Amino acid sequence: MKKFFTLAIVIIKDIHNNWERIFNLLFNILILNCYLMKVSNYVVSKKIKDGYILFSTISKTIIKVNEEFYKEWINIKNSPLREITNENLKFLKENYFVIEDNVVEEDIIDYVMNKDRLDQVIFSSYIAFSTLCNFSCVYCYEEGQTERKHVMDIETINETLKWYESRIIENNYKEMRITLFGGEPLIHKELIKIFIEGIHVIAKKYDCVLSLAIVTNGYLLDNDIIDFLNKYNLVEIQITLDGLEEKHDQRRPLRNGGRTFHKIIENVINAKKFNGRFLFRVSFDRNNSNDVKELLNYISKLKISNEYQVYLAPIHNTTSQECMHCSFCNTNGYDEATDIIKQYKELYSYMKYLGLSIPKYYTNGPCMVVSNDTVLIDPYGDIYKCVEMISLKETCVGNVKDKNYNQTYYSFVGLPSYYKCIKNKCKYVCLCGGGCLMANYLKCKKIKGINCEYEYFKELIPFFLEENYDE
């Protein structure tokens, strides 16, 4: 009752104001007394020149508010509402900026994350017809695999198509996205055509919308294969670039030592029939950090007719290199998170200066390992929960010939490690999901576990909010 009398006094003092405002205050009294509100623990705020940016890590919603609105929001449990209207309050509730006082917010997080990973709308997967590649990249995690020469045969393709059909039937998927992967997938253009024509028939049979993406080095990209994939809704082509010609060709040469940079760029510029988006992955480490800005400047001036986006990816250790003291990743990878964070800030700020789009916020998960049916299928039809797990047999979760996944699948998907993060009330858990499980595996040889990136989120979320909205 004390709260009610306090608010009533405020209304009496404001009786000279218009009736609409009085009605809003009365309504807010009713809301606050029936359902006391509190600020969500899962909101990041950033002070800017003319107010604040608020970011809900649950709903991924970003809003900009003035000083008065912010003060009412931050004190919503104890203050009368003047700036925050009824409509504002509804919006804040629906997007998890405020919650009812009696709600256990960790239960909301648990529900939202479980729904996202177990009840997916889009059936997303990767398929590798082989791990063969025409490049010899210095940091390749597939290099050194003894089974690298094996290529998926027609029998396995047919079994794979049956597997896709069974997943669509079982989970009633109405949208499916398949990413062509490798090795280098464009080595196997004929296999791609056989598989895509087959999966198109299945998708059409069950009224499932099919979209395609491809992760390629770009060297064999041509308009013939683009024309073919366009018929089946090719939406994204991802290509990695490591610097301008000299640096890129040192790090990503052909297997015979030949150059690659100019051929890739030529193929990108000539891909005029491609209707989707190019995604340029720009790798960086101590070996090429001084060259990345020149590359970003070069990309910003390219005459590309397609939509394109650039994202930055620090080189990290791999299963094939971490045991070798003098390997490229061990020698050139950043040892400290602070070094990577510094590079992120410097390079993304430069991208903004160049007019390139940058992320709205930092995220690194939850990864595909904990999601239902999100898998990679290798040349043998073996199924893995991460692209970097390919050929790591202890992580295999089944085969396309099997009716069900094996126990390893359920150890990944059932009771994910990020429950510890929820219990600890980490506000970034919805953006991280416990981090990369492969990174955890490289550290301690355990597939299950948490690779905490709290330091990254604490530094980079406010950075991106300011870079994007402080104008």
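Of note:
- When the range 79-131 is filtered for residues that are modelled with pLDDT of 90 or more and small (Gly, Ala, Ser), the ones remaining, listed by number, are 124, 125, 128, 130.
- Residue match in the range 429-449 (condition: surrounded by fewer than 21 Cβ atoms within 10 Å (Cβ to Cβ), among the hydroxyl-bearing types (Ser, Thr, Tyr) and touching a helix residue (DSSP H, G or I) at 6+ places or on another chain (Cβ under 9 Å)): no
- Candidates 361, 353, 469 - the one that is without any contact (Cβ under 8 Å) to a residue 12 or more places away in the chain and more than 30 Å from residue 170 (Cα to Cα): 353
- Residue within the range 444-461 that is of a type in the set (S, T, N, Q), free of Cβ contacts under 8 Å to residues at least 60 places away in the same chain and assigned to a helix (DSSP H, G or I) present: no
- Selection within the range 280-307: residues that are closer than 19 Å to residue 212 by Cα and either surrounded by fewer than 18 Cβ atoms within 10 Å (Cβ to Cβ) or small (Gly, Ala, Ser) (or both). The member of this set that is modelled with the highest pLDDT is 281.
- Condition check for residue 144 on (1) open to solvent by 40 Å² or more (accessible area, probe 1.4 Å); (2) modelled with pLDDT of 95 or more; (3) not aromatic (Phe, Trp, Tyr): one failure, at (2).
- Members of the range 357-371 found to be part of a loop (DSSP other than H, G, I, E, B), open to solvent by 20 Å² or more (accessible area, probe 1.4 Å) and touching a strand residue (DSSP E or B) at 6+ places or on another chain (Cβ under 9 Å), listed by number: 357, 359, 360, 361
- For first residues located in the range 61-87 and in contact (Cβ under 8 Å) with a residue 60 or more places away in the chain, partners that are open to solvent by 40 Å² or more (accessible area, probe 1.4 Å) and lie 6+ apart or on another chain with Cβ distances below 6 Å form the pairs 64/469; 86/27.
- Residue 89 satisfies every condition listed in (1) in contact with a Ser or Thr (Cβ under 9 Å, 6 or more places away or on another chain); (2) surrounded by 15 or more Cβ atoms within 10 Å (Cβ to Cβ); (3) of a type in the set (A, V, I, L, M) except (1).
- Selection within the range 390-400 - farther than 23 Å from residue 132 by Cβ and either surrounded by 14 or more Cβ atoms within 10 Å (Cβ to Cβ) or touching a strand residue (DSSP E or B) at 6+ places or on another chain (Cβ under 6 Å) (or both): 397, 398
- The single condition among (1) aromatic (Phe, Trp, Tyr); (2) surrounded by fewer than 19 Cβ atoms within 10 Å (Cβ to Cβ); (3) in contact with a helix residue (DSSP H, G or I) (Cβ under 9 Å, 6 or more places away or on another chain) that residue 96 does not satisfy is (2).
For every residue, the table says whether it meets (1) crowded, with 17+ Cβ neighbours inside 10 Å; (2) in a loop (DSSP other than H, G, I, E, B); (3) acidic (Asp, Glu); (4) touching a helix residue (DSSP H, G or I) at 6+ places or on another chain (Cβ under 6 Å).
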position: 192; (1), (2), (3), (4): yes, no, no, no
position: 196; (1), (2), (3), (4): yes, no, no, no
position: 200; (1), (2), (3), (4): no, no, no, no
position: 203; (1), (2), (3), (4): yes, no, no, no
position: 211; (1), (2), (3), (4): yes, no, no, no
position: 219; (1), (2), (3), (4): yes, yes, no, yes
position: 227; (1), (2), (3), (4): no, no, yes, no
position: 239; (1), (2), (3), (4): yes, no, no, no
position: 247; (1), (2), (3), (4): yes, no, no, no
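- Residue match in the range 267-279 (condition: surrounded by fewer than 16 Cβ atoms within 10 Å (Cβ to Cβ), touching a Leu at 6+ places or on another chain (Cβ under 9 Å) and free of Cβ contacts under 8 Å to residues at least 40 places away in the same chain): yes
- Residue 111 meets the conditions (1) in a strand (DSSP E or B); (2) open to solvent by 70 Å² or more (accessible area, probe 1.4 Å); (3) not charged (D, E, K, R) in every case but one. The failed one is (1).
- For the range 401-428, the candidate set comprises residues that are β-branched (Val, Ile, Thr) and more than 24 Å from residue 98 (Cβ to Cβ); within that set, the residue that is surrounded by the fewest Cβ atoms within 10 Å (Cβ to Cβ) is 408.
The values are calculated or read from the model by the stated rules, or taken from the named source; none is laboratory data. None of these values were measured; they are calculated from a predicted model. Because the Cβ atoms are built from the backbone with ideal geometry, glycine has one as well, and the counts that use them run over all protein chains shown. Side chains are part of the model used for accessible areas, which takes the heavy atoms of the whole protein and leaves out ligands, DNA and RNA. Shrake-Rupley method; radii C 1.70, N 1.55, O 1.52, S 1.80 Å.
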